[in-house]
1. Looking at this structure, is B:Ala172 among the aliphatic types (A, V, I, L, M) and open to solvent by 40 Å² or more (accessible area, probe 1.4 Å)?
2. Sort out for me the helices (runs of 4 or more DSSP H) sitting completely within region B:226-335 that have 3 or more residues that are within 14 Å of chain A (Cβ to nearest Cβ).
3. Which pairs do you get when a residue that is closer than 24 Å to B:Val94 by Cα, found in region B:143-159, comes within reach of a residue that is among the charged types (D, E, K, R) and surrounded by 20 or more Cβ atoms within 10 Å (Cβ to Cβ), reach meaning Cβ atoms under 6 angstrom, with the pair 6+ apart or on two chains?
4. Test each condition in (1) closer than 20 Å to A:Asp151 by Cα; (2) out of contact with any helix residue (DSSP H, G or I) (no Cβ under 9 Å at 6 or more places or on another chain) for A:Gly95 and report the one that comes out false.
5. Within the group A:Ala219, A:Ala207, A:Ala239, A:Ala198, which residue is farther than 23 Å from A:Gly303 by Cβ and open to solvent by 10 Å² or more (accessible area, probe 1.4 Å)?
6. State yes or no: is A:Ala172 small (Gly, Ala, Ser) and closer than 20 Å to A:Ala125 by Cβ?
7. Let me confirm something: among A:Asp248, A:Asp213, which residue is over 11 Å from the mean Cα position of the chain (by Cα) and either of a type outside the set (Asp, Glu) or over 19 Å from A:Glu63 (Cβ atoms) (or both)?
8. With the structure loaded, tell me whether B:Ala309 is open to solvent by less than 20 Å² (accessible area, probe 1.4 Å) and over 15 Å from B:Arg27 (Cβ atoms) or whether it fails that test.
There are 2 protein chains.
Amino acid sequence: MTLGTTFAADLQRKIDMKTKPLGALGRIEELAAQIATLQGTLSPRMASCQVTIFAADHGIAAEGVSAFPQEVTRQMVLNFLGGGAAANVFAASVGADLRVVDAGVAGDPFGMPGLIERRIGAGTASFLTGPAMTADQCAAALQAGRALGADGDWDAVAFGEMGIANTATAAALGHKLTGIGLDVLVGRGTGLDDAGVAHKRAVLERAAARTGDLSPQAALAEYGGFEIAMMAGAMLGAAAARRVVIVDGFIATAAALAAVRMVPEARAAMVFAHRSQEQGHGALLDALDARALLDLGLRLGEGTGALLAWPLLKAAADMLNRMASFDEAGVDGPA
Amino acid sequence: MTLGTTFAADLQRKIDMKTKPLGALGRIEELAAQIATLQGTLSPRMASCQVTIFAADHGIAAEGVSAFPQEVTRQMVLNFLGGGAAANVFAASVGADLRVVDAGVAGDPFGMPGLIERRIGAGTASFLTGPAMTADQCAAALQAGRALGADGDWDAVAFGEMGIANTATAAALGHKLTGIGLDVLVGRGTGLDDAGVAHKRAVLERAAARTGDLSPQAALAEYGGFEIAMMAGAMLGAAAARRVVIVDGFIATAAALAAVRMVPEARAAMVFAHRSQEQGHGALLDALDARALLDLGLRLGEGTGALLAWPLLKAAADMLNRMASFDEAGVDGPA
């Protein structure tokens with residue numbers, strides 16, 4: 001669907017005729033315009049939101065690039081299923097649904113009710129010495145993600161992740177996709193000290209030197225994670241279904257970058273929720289010409305930033321649908 | 001009530017034991033700590049929010065310091081009562097209650113159901129040539145505000161305002177309370193052009209030169225507005241009731257500044273919602289040692305920024321009350 005200039009003009013006029021000074025709702029007006037354009041209507045629906053958390057393990061964790069042990073990925077999946085993680089609490093707080101996907105956690109399948117099993121493997125291989133996954137695994141992760149992203153009829157979908165060492169993965173992937181230096185992209189993750197960050201960067205420099213230029217999908221296979229590839233696929237599936245995609249923090253932004261490099265039109269569906277404390281996030285946002293809505297010092301992932309941004313999207317659509325115009329309210333414009 | 005170091009330590013421990021890296025929820029953790037400390041409990045309640053919009057007119061409007069005619073104050077009160085303003089839409093969107101107070105709109109009383117009548121007068125006098133209000137009027141506005149702020153049993157209260165020319169009033173008041181220059185504090189308001197801003201500043205320079213140093217309450221009487229004085233009183237009433245006070249934009253921050261200069265302990269109850277596009281807001285926030293939660297380019301007032309911040313407060317308390325600890329969830333800490 002391509003919307004004409006008439007639609008854009010009608011939309012801007014509808015926003016400008018609301019009872020407020022011109023532009024006085026700032027980014028809420030921008031959000032409203034983006035949502036309306038994506039849905040192709042001056043009266044967009046923004047009533048329901050769902051977050052899907054993709055969990056997977058990373059071979060690169062064996063190189064000591066995270067402050068937490070790998071077992072925490074599995075433990076946190078159980079925490080999500082039990083309702084005790086920050087993402088569960090925030091989802092309930094803002095009225096969003098939550099799903100958890102095993103995209104490839106190390107060890108055996110969970111076999112637990114309530115968990116969506118889409119395991120591509122029992123964690124990726126270490127990308128220090130070879131590809132994190134095969135091309136077939138990457139394609140399978142993208143495909144499973146596309147289906148999950150297009151599933152249901154939520155107006156907005158957010159994607160979160162859990163995977164010990166996945167800031168290392170996201171930094172390597174972001175570096176390969178953009179050429180931005182690892183000195184910019186490598187940060188503290190869950191809490192590395194300066195020596196830990198230096199070690200993480202050295203590991204990633206060696207890993208990155210293994211390959212030359214790569215296509216986006218090849219970069220995803222070489223340096224990605226199962227949860228990151230599946231999340232990228234989910235973003236593409238959701239965008240193709242003209243659903244607003246709320247992009248969370250550093251790792252979700254790396255997935256968004258891979259998605260947009262594969263399918264540039266997907267960018268139009270994306271809203272960037274929160275600028276993470278993780279060092280490299282700003283550079284990845286810049287690469288997507290994106291400005292995050294929130295800046296609250298979060299660095300947790302799980303979709304927590306995306307969930308906190310959902311009320312803003314709802315308010316933006318409500319503004320367009322429910323706020324009175326100067327004419328309707330009998331309010332004078334500027335003198 | 002003074003809470004001991006044991007309480008502070010217990011609170012920090014409760015936050016740090018949640019299943020997340022230390023500090024990974026950034027300002028949400030700070031908010032949770034502030035709310036818990038204000039309520040004096042490790043399990044604070046943050047389930048209900050209410051916004052009160054105070055409307056009044058300003059004699060200084062006659063000097064041509066606003067882009068909109070004075071009649072708009074009255075028209076917007078009717079818009080609030082009809083449910084069509086941005087504040088109504090955002091309040092419904094985030095699940096907050098809304099009240100509208102006539103603190104002193106020009107013309108006759110409205111005499112309308114649903115409006116809280118606390119009229120101090122039919123608009124202030126122009127503070128260009130004399131005090132905006134008498135000392136008695138100022139005391140009456142503060143008193144009416146205190147009662148409204150302490151009313152009901154909402155966990156959080158937000159205060160909004162409507163009053164054509166009240167960015168001029170807030171700039172003059174902020175200048176007198178802090179000594180910050182009018183070149184910093186005078187901005188475009190609802191949409192002045194450069195010449196309009198220069199004129200507004202010249203008017204305020206002349207008005208400010210009328211008086212020397214003033215006590216906070218005297219500054220409020222000389223340069224305030226009925227809605228600003230009543231809002232300052234409401235903040236004090238709410239803070240005394242240990243209720244979280246969500247401070248909106250530029251004008252609400254000027255009221256908060258007056259309130260804190262009168263009763264410094266009130267600062268502990270205040271959460272600053274949104275950094276306005278209005279030029280002087282950053283300087284007033286600095287004077288209160290405050291950092292706003294949101295920065296969305298809003299410049300509307302009405303409590304709109306405060307309403308958009310309410311879901312963050314709710315999420316912060318939910319985090320403290322509902323998120324699992326490492327022990328409860330069986331999740332390992334850092335390696």
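The values are calculated or read from the model by the stated rules, or taken from the named source; none is laboratory data. Here the structure is a predicted model, which means the values were calculated and not measured. In this analysis, Cβ positions are derived from the backbone assuming ideal geometry, glycine residues included, and neighbour counts consider all displayed protein chains. In case anyone asks, the SASA skips ligands and DNA or RNA and just uses the protein heavy atoms, side chains included. Shrake-Rupley method; radii C 1.70, N 1.55, O 1.52, S 1.80 Å.
1. no
2. B:304-322, B:326-329
3. Within 6 Å, the pairs are B:Val157/B:Arg243.
4. (2) is the only condition that A:Gly95 fails.
5. Step by step, each of A:Ala219, A:Ala207, A:Ala239, A:Ala198 is checked, and only A:Ala198 is farther than 23 Å from A:Gly303 by Cβ and open to solvent by 10 Å² or more (accessible area, probe 1.4 Å).
6. It is true that A:Ala172 is small (Gly, Ala, Ser) and closer than 20 Å to A:Ala125 by Cβ.
7. Going through A:Asp248, A:Asp213 in turn, the sole match is A:Asp213.
8. It is false that B:Ala309 is open to solvent by less than 20 Å² (accessible area, probe 1.4 Å) and over 15 Å from B:Arg27 (Cβ atoms).
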